[in-house]
Structures are given as C-alpha cells and as structure tokens.
Amino acid sequence: MNVIAFYIAAGIAVVTTVLVITRKNAVQALLYLAISLISVAVIFYDLGAPFIAVLEVIIYAGSIIVLFIFVIMMLNLGQRATLAEAKLLQPRMWIGPALLAAILVSELAYLLARGNTGAPAAHVISPKQVGLALYGPYLIGVELSSMLLMAALVGAYHLGWHKQPKPETQDVHREYATSLDAGDGPVRAGSGRTAGAA
Amino acid sequence: MTLATVLFALGVAGLLVRRNLLFILMSIEVMLNAAGLAFVAVGARWARADGQVMFIFILAMAASEVSVGLALVLQLYHQFESLDADAASQMKG
C-alpha cells in the first residue's frame, strides 16, 4: 500500500465530495461526483482490491452517472437546456474536474509502473478469492440481490411508464396545447415512457 | 476508515442541506460509497475477501436504489414541475 498515493486520492475524494454538495449546477456536481468515485476506485486499487476498483469505475462512475445524466437531460429540456449546454462548453465548467482527473490518472500510471500493488504490507485479494467467497458462503446473498435487482427493474419500469393512463388525459391534452407555444410539449409528454427503458 | 467516515459525514450533510432531489440522490450515492469503502478497507486490513463480497452487494443495492429513485424523481417532476423535496410533502393519499 502506497501511503502517499492513498493520501492524494483521499484528499481528492474529500475535496470533490465537498464540491458536489456545494455546487448549484447539477451537471457540474455530477462531474465532481464522477471524479470522487474514480478517486475512491484508485484508493481501492491501492488497498489491494483491483477487482473492486474496476467494478467501481464501471458501475458507479459508468452506469449510475449515465443514469443521472439521462434524468437531467429529460428534466430541463427546451430553452434552458440550450443555455446550459452553451455554458457547459466554457472552460470554467470543466477545468476543475479535468485537472483532478489528470492527477488521478498520473497517480494510477505511477502505481501501475511500480508493478503489482507495491509493498508486501498490502494483501492483494484476487478476483478468484472474491468469486469463491461470493458463490460459496454468500450464495444466498447473491440470490437475494438478484431478486432485489429484479424488483428494482420492475419498479423503475412501472414508475416510469405510469404517466398517461385515463384520469389524466384531459390534463395532459390541456398541458400539451398550452405548451405547444413554449415548444417543449411533445418531448415532455413522451419522456415518461422512456424513463423505464433507460 | 477515517476517510470513509469523512465521506459518510459529507453525504449526510448534503442530504440534510440540499433540497434538490437530484442532489439528495447524489448524497445517498456518496454515503453508500463510503460504506463500501469501509467494508473494503476492513477486508484489506484482515486480508479476507468478505469485505469485497459485501461491496458487491452494496453496489447492486445502490444501482437498484438509484434507478427506482430516479424514476420517482421523474414522476414527481411531472406532478409538481419542480425538483424541490418539500413539494412532495403536500402529497395526499
């Protein structure tokens, strides 16, 4: 375990988390949240858990952030979104996350160049051990989490799809008519159903 | 472990301070991540694979939680046209 690398990654994690909860702009906060998760992944790698580090990057920093971005894109469509898009391209918006990500990448390159997770003080736990434990004593947990994922899938689909049934049709039509001048009617009416697919 | 505690405290602070539903969900992500970090750190300390198995379970739980939570956010936004968490307190039935 490399102590200096650990403290750099830990500092980045804390700083980015503070930035996440203090930003006003949701997209900016999401960028910092992604950097926070990636720095925690570097910490995992440093702690001797490379498999978990990879999972953290793929699932947390990959799919969960993408889910958040989908929802943000669905929520403010129209005029405000184009303004936000124009603002996103300013360097002030992404220079902070890019800088911190560059620090993390250089740190990871340094750790990789030093060879397989450094000193003997760190016990590297291989994916094989994790898999044996996962499908041995924890088999019931795997089954339960699969049931949880199935319930979440059905629940998210139901919640996202439940927009257009009968009792609201008049409301929807009125809203559709009024918002046609605003220009964002069709997108908003349809976005409820795409949530389940996303 | 200290880092995990600090991250968890920041997540709780974000949960309490922000009223935007998206930020509340992000804070929950931070808290779950801190809990997973604590598990992995303890597992690395005693050189057991159990901590990482627990982290995988936390990961599955976080993924399902955030998908359901974001679907709820979409519904609430369609209902109230705002992302304020206080708007949902007027819900009846």
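Between A:Tyr135 and A:Leu112, how high is the FRET efficiency from 1/(1 + (r/R0)^6) when r is the Cβ-Cβ distance and R₀ = 25 Å? Nearest 0.05.
Working: r = 29 Å, r/R0 = 1.17.
For A:Tyr135 and A:Leu112, the calculated efficiency is 0.30.
Suppose each label sits 7 Å from its Cα in the direction of the beta carbon; what would the B:Ala47-A:Leu144 distance come out to in nanometres?
3.0
Between the alpha-carbon centers of region B:26-50 and region A:1-60, tell me the distance in whole angstrom.
Using only Cα atoms, the two centres lie 13 Å from each other.
According to the Kirkwood expression over distinct Cα-Cα pairs, how big is the hydrodynamic radius of region A:1-68, in Å? Please list the in-between numbers first.
Working: mean 1/r = 0.0827 Å⁻¹.
Hydrodynamic radius (Kirkwood, Cα only) of region A:1-68 equals 12.1 Å.
Rounded to the nearest 10 Å², what accessible area does A:Tyr32 have for a 1.4 Å probe in the complete protein model?
Roll a 1.4 Å probe over it and A:Tyr32 shows about 20 Å².
How would A:Lys128, A:Lys24 line up by accessible area, probe 1.4 Å, largest first? Please list the in-between numbers first.
Values: A:Lys128 150, A:Lys24 185 Å².
Largest accessible area first, the residues go A:Lys24, A:Lys128.
Taking each residue in A:28-39, count the Cβ atoms of any other chain within 10 Å of its Cβ, then average. What number comes out?
Numbers: counts 0, 6, 2, 0, 1, 6, 0, 0, 6, 3, 0, 0.
Partner-chain Cβ atoms within 10 Å, mean over residues of A:28-39: 2.
The values are calculated or read from the model by the stated rules, or taken from the named source; none is laboratory data. Model, not experiment: these values are computed from the prediction. Note: ideal-geometry Cβ built from the backbone for every residue, glycine included; neighbour counts use all protein chains shown. Protein only, heavy atoms only, side chains kept; ligands, DNA and RNA dropped before computing areas. Shrake-Rupley method; radii C 1.70, N 1.55, O 1.52, S 1.80 Å.
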